[in-house]
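Notes for the one structure printed next.
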Amino acid sequence: MINLPEIRIRIREQERSYPIYIEQGGRYELGKLLRDWYQGDRVFLVSDHKVNSLYGQEIGQVLDKAGLTVVTYLLPQGEKAKSFSYLEKGYELLLENDFKRDHLILALGGGVVGDLAGFLAATFMRGLPYIQIPTTLLAQVDSSIGGKTAINHRKGKNLIGSFYQPQMVLIDPGFLTTLAPAEFRNGMAEVLKHGLIADREFTSFLLEKRDEILKLKLAELSRMIYYSCRIKAGVVTEDEKEQGIRAHLNFGHTIGHALEAVTGFNKYKHGESVAVGMIGAARLAQRLNYLEQAAVRYIEELLSSYDLPLSFQYAEDTGQIFEYLFYDKKVKANKLRWVLLKGIGSACLAEAVDEELVKDILEGLK
């Protein structure tokens with residue numbers, strides 16, 4: 001077993017911090033970790049049908065041994081679960097089972113489960129405590145960390161939500177052994193993004209250890225998750241509500257989210273969309289003389305090494321994608337703000353980018 005140092009996120013406005021535990025087999029310690037601070041008698045477990053079939057009974061037994069009653073709310077897989085209808089069903093189940101503000105919501109699953117469970121926790125009775133137990137790589141290194149909770153709208157992804165921090169995040173790399181290879185690559189896009197915006201040495205590690213990581217070798221996998229989480233935790237601690245540096249975490253997401261929305265959230269995985277978006281942002285940075293051509297080639301090599309796409313795959317209408325860019329949450333006064341790179345490991349924000357240049361970049365992604 002590899003025991004990595006606990007990461008802590010300190011939310012300055014709230015004057016509190018919470019831990020991120022990364023430990024192989026850590027899920028078996030869940031009961032003890034909860035009883036260190038949780039005094040309630042029940043847990044509202046939000047998961048999806050697939051994750052529940054794999055781990056629901058196991059987690060239920062751990063909670064039962066801790067003396068906790070479990071009420072389970074199961075979601076369908078995919079982005080369709082992040083909707084008003086499933087949010088309302090969650091409220092109804094919480095009310096039917098007499099949950100109060102001193103009870104706990106637990107998210108067991110990927111990013112969709114975590115986002116919906118977090119938004120339930122943020123809004124039910126004006127806030128219940130909740131914890132994140134992410135079971136996908138994407139959720140472990142990204143969506144479970146930082147307190148973003150949301151549901152989707154037909155106009156775009158994550159447009160309705162709030163910032164609401166969990167009490168803790170428990171990451172067990174062992175969950176990844178049942179993850180499909182395509183889902184693992186989906187998460188790798190966010191891991192690679194963290195290196196590209198903040199740590200060139202980390203990107204070198206990801207290239208050097210590619211084979212071991214893809215074979216799910218515990219030592220390299222655990223260290224990869226740890227360093228990726230540490231980058232995101234550092235950014236969130238400095239800027240909880242995305243007023244400044246936290247926007248850097250959206251590298252690749254402006255185009256990526258538009259691509260997801262245009263295709264109805266059902267053709268591309270999130271990481272695939274972000275990968276295409278990172279290539280678009282890198283090429284835009286080169287055209288604006290922020291980034292050398294060699295750096296763009298390096299990014300393309302890095303993403304390709306993990307079998308991530310570098311272009312649109314379904315002949316999407318670039319005019320429609322351009323329109324959807326303006327639903328991005330970074331838009332101010334109807335002006336797009338782009339997260340670009342000044343070099344590998346160094347991100348910046350750019351405004352007032354010529355729209356014709358953006359359209360040309362989108363055409364080049366076909």
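Read-outs: derived from the displayed coordinates by stated rules, not from any lab. As the structure is a prediction and not an experimental result, all values here were calculated from the model. Cβ placement follows ideal geometry from the backbone for every residue including glycine, while neighbour counts extend to all protein chains displayed.
Listed peptides 321-328, 248-255, 97-104, 170-177 appear in the order 248-255, 170-177, 321-328, 97-104 once ranked by packing, highest mean of other Cβ atoms within 10 Å at the front.
If you take the square roots of the eigenvalues of the alpha-carbon gyration tensor of segment 58-139 and sort them as a ≥ b ≥ c, do you get rounded (a/c under 1.5), prolate (a/b over b/c) or oblate?
Since a/c reaches 1.5 but b/c is at least a/b, the shape of segment 58-139 is classed as oblate.
At R0 = 51 Å, how high is the FRET efficiency between LEU54 and LYS332 if r is their beta carbon distance? Nearest 0.05 is fine. About 0.75, to the nearest 0.05.
The residue among PHE322, SER17, PRO173 whose Cα reaches farthest toward the positive pole of the charge dipole of the chain, with charges on the beta-carbon of Lys, Arg, Asp and Glu, is SER17. Using the reciprocal of the averaged 1/r over all distinct C-alpha pairs, how large is the Kirkwood radius of segment 7-177 in Å? The answer is 15.8 Å. Put a plus charge on the Cβ of each Lys and Arg, a minus charge on the Cβ of each Asp and Glu, and nothing anywhere else: the dipole of the chain about its Cα centre is then about 380 debye.
Each 20 Å bin from zero up to the one holding the largest Cα-Cα distance in the chain carries the following percent of pairs: 31, 58, 11, 0. Between GLU292 and GLU323, the contour length at 0.36 nm per residue exceeds the Cα-Cα span by 8.3 nm. With each label modelled as a point 7 angstrom along the Cα→C-beta vector, the GLU29-GLU208 pair spans 2.8 nm. For segment 7-177, DSSP calls about 30 percent of its internal beta bridges antiparallel. Qualifying trypsin sites (Lys or Arg not before Pro) in segment 224-271, where qualification requires a DSSP coil assignment and no more than 16 other C-beta atoms within 10 Å, comprise LYS241, LYS267. With unit charges on the beta carbons (Lys and Arg positive, Asp and Glu negative) and the dipole taken about the Cα centre of the chain, which residue among LEU93, TYR306, GLN140 sits farthest to the positive side? The listed residue farthest towards the positive side: LEU93.
Considering all different alpha carbon pairs of segment 181-364, the Kirkwood hydrodynamic radius works out to 16.5 Å. Taking the Cα centre of segment 177-290 as the origin and placing charges on Cβ (Lys, Arg +1; Asp, Glu -1), which of HIS194, PHE184, THR237 is farthest toward the positive end of the dipole? Comparing the listed Cα positions along the dipole, PHE184 ranks first. Helix-only arithmetic for the chain: the sum of -39500 (n - 2.57) across DSSP H runs with n ≥ 4, divided by the residue total, places the mean residue ellipticity at 222 nm at -13000 deg cm²/dmol. Annotation: the antiparallel percentage among DSSP beta bridges lying fully within the chain is about 45. Comparing ASP354, ASP115, ASP199 in a Gaussian network model of the chain, where Cα atoms under 10 Å apart are tied by springs, the biggest mean-square fluctuation is seen for ASP354. Using C-alpha pairs under 8 Å with a sequence gap of at least 6, the mean separation divided by the residue count of segment 181-364 gives a relative contact order of 27 percent. First measure r as the distance between the Cβ atoms of ILE160 and ILE245, then evaluate 1/(1 + (r/R0)^6) with R0 = 25 Å and state the FRET efficiency to the nearest 0.05. With R0 = 25 Å, the Cβ-Cβ based efficiency is 0.55.
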